[in-house]
Amino acid sequence: MDASMGSVFGALLAVFVSTLLIRVLFLLVWKPYAVTRLFRGQGIGGPSYRFFAGSVPEIKRMKAAGSEIVLDVGSHDFIPIVQPQFRKWVADYGKIFLYWFGTVPSICVADVDLVKQVLAERTGQFPKNYMNANLEALLGKGLVLTNGEDWKRHRKVVHPAFNLDKLKEMSAVMADLAQQMMQQWKYQIQQASNHEAEIELSCEFSELTSDVIAHTAFGSSYKEGKQVFVAQKELQELAFSASLDIPAPGCLRKLKLPTGKSSSRVQTLDKKVRSMLMTIIEGRLNEKDTRGYGNDLLGLMLEARALEQEGHQMLTTQEIVDECKTFFFAGQDTTSHLLTWTMFLLSRYPEWQQKLREEVLRECGDAVPNPDTVSKLKLVNMVLLESLRLYSPVVFIRRAAGSDIQLGKIRVPKGTMLSIPIALLHRDKEVWGHDANEFNPSRFEHGVSKAAANHPNALLSFSQGPRACIGQNFAMLEARIGIAMILQGFSFELSPKYVHAPKEAITLMPRFGLPMILRNLHQ
């Protein structure tokens, strides 16, 4: 009996190993060959597939070389640092090409018309898929990463937090916190014998925007909310460090296991953030009978949690935690960098700094800016839009082909990733003109839709279509108020210590910060 059982077990093991080997050979050898042949038959080239690793080693080599580059402060072309692979491969193969993220076929879509087809699609053919479990730990399964019916449900709950009345309420918080930050600047300037102070603005704006998010999302619980910010910053670095980890092939990828050596730390931080958010939520629920849920984003979500749609909760408690994580990162980090790069540009172009200051003083005077007054700041808005074009906080987005699809004239098989290099597209001279690499806010004089000749709405910083950033009005309002208040009170110029080396860590930031010389206009 034992010998018979051993023979059966051995036979089963042999079948299992053979099946596994065939599956591995299919995923690592045959599928890449077949996909490459399919695209080449349609005239789509690209770098050759390398066994298991795909194009990742070549991308890493180019990015490592790019990380050594320091730009002249007058140059806005950071593509050789941040997206060297796209610059090289577009030159070699054209705006549409095939490359390999491990064993996953990826099509670079650097044609603005095809990008619009992807982003405007409303039936879910191009779901979000970032293939990075660490990114999910950072953002949670909130609006940014959910798809299908889950996304619709989340959006229905979160959308009311960004209506005009809510934004007006938030604007008072924004202005108050900005005033507190600037009082500290004035004190530093006052203490200096030469009536100027060098201040590292990227850190200042990071603190400001995290304060704004903590107050507008968590209201009276903002101090606890600020603790989330610290853990989220470390999660951001870990998520980006794993962005070029070779994904597991095939079905193993669906497990979404944290990748790389940092996976244990990611899990620890994720658990810590969730625990802190749960403490805030439980405290709010305990106060419900006496103080209600609150009038902030968290309160709105908790109200929705108490409701039902077709017999189910609109959002579960864990989904609220995820949405808080999404809002905290997406709302804080992107706005912080928009302020940072706008200040960099205004320091580089003092004539525009003066134009904007005159406009702010004409429309706002010495009064604290509010939504009504900043809506009249046409030049400020133009500069912010040009800042978003040249230094978009998000430089790259990825979608998946949810089924076999037709993209323009190209047949794309299910499971193919679609990579959209926003930073590269924002420098396409065929779209933006011969001065695509130059700072020219006047291109937005007649609005976003007419900024790029023959390509309406080519600005992709907040994405487009149904999945466009829900918080873009929030971010733009905060940036307008912040920039207007700075122009009211200060003149500024780049510190000689500044080193121009933009880097990507999920979002685009100055590698060595933004030291700026500030002077009080009223001292």
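The values are calculated or read from the model by the stated rules, or taken from the named source; none is laboratory data. Because the structure is predicted, anything quoted here is derived from the model rather than measured. We place every Cβ from the backbone using ideal geometry, glycine too, and count neighbours over all the protein chains shown.
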Has the stretch 82-101 got at least one residue that is closer than 21 Å to residue 42 by Cβ and in a loop (DSSP other than H, G, I, E, B)?
yes
Can you tell me which residue within the stretch 28-52, out of those that are buried (at least 16 other Cβ atoms within 10 Å of the Cβ) and more than 20 Å from residue 418 (Cβ to Cβ), is modelled with the lowest pLDDT?
28
Out of the stretch 477-504, which residues are part of a helix (DSSP H, G or I) and aliphatic (A, V, I, L, M)?
477, 479, 481, 483, 484, 485, 486, 487
Pick out the one residue from 443, 427, 411 that is part of a loop (DSSP other than H, G, I, E, B) and at pLDDT 95 or above.
427
For residues that are polar (S, T, N, Q), modelled with pLDDT under 95 and within 29 Å of the chain's Cα centre (by Cα), scanning just the stretch 172-212, find the one that is surrounded by the most Cβ atoms within 10 Å (Cβ to Cβ).
209
Apart from one, (1) touching a helix residue (DSSP H, G or I) at 6+ places or on another chain (Cβ under 9 Å); (2) free of Cβ contacts under 8 Å to residues at least 12 places away in the same chain all hold for residue 376; the odd one out is (2)
Within the stretch 130-165, which residues are of a type in the set (Phe, Trp, Tyr) and touching a Gly at 6+ places or on another chain (Cβ under 7 Å)?
162
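Rundown of residues vs (1) closer than 30 Å to residue 137 by Cα; (2) in contact with a strand residue (DSSP E or B) (Cβ under 8 Å, 6 or more places away or on another chain); (3) crowded, with 24+ Cβ neighbours inside 10 Å, yes/no style:
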position	(1), (2), (3)
338	yes, no, yes
349	no, no, no
352	no, no, no
359	no, no, no
364	no, no, no
368	no, no, no
391	yes, yes, yes
396	yes, yes, no
401	yes, yes, no
Looking only at the stretch 485-513, which residues are within 24 Å of the chain's Cα centre (by Cα) and buried (at least 19 other Cβ atoms within 10 Å of the Cβ)?
500, 502, 504, 506, 507, 508, 509, 510
Select from the stretch 80-101 the residues that are closer than 14 Å to residue 55 by Cα and either of a type in the set (D, E, K, R) or out of contact with any helix residue (DSSP H, G or I) (no Cβ under 6 Å at 6 or more places or on another chain) (or both) and write down the one among them that is surrounded by the fewest Cβ atoms within 10 Å (Cβ to Cβ).
88
Residue check: is residue 110 under 24 Å from the mean Cα position of the chain (by Cα) and more than 30 Å from residue 347 (Cα to Cα)?
yes
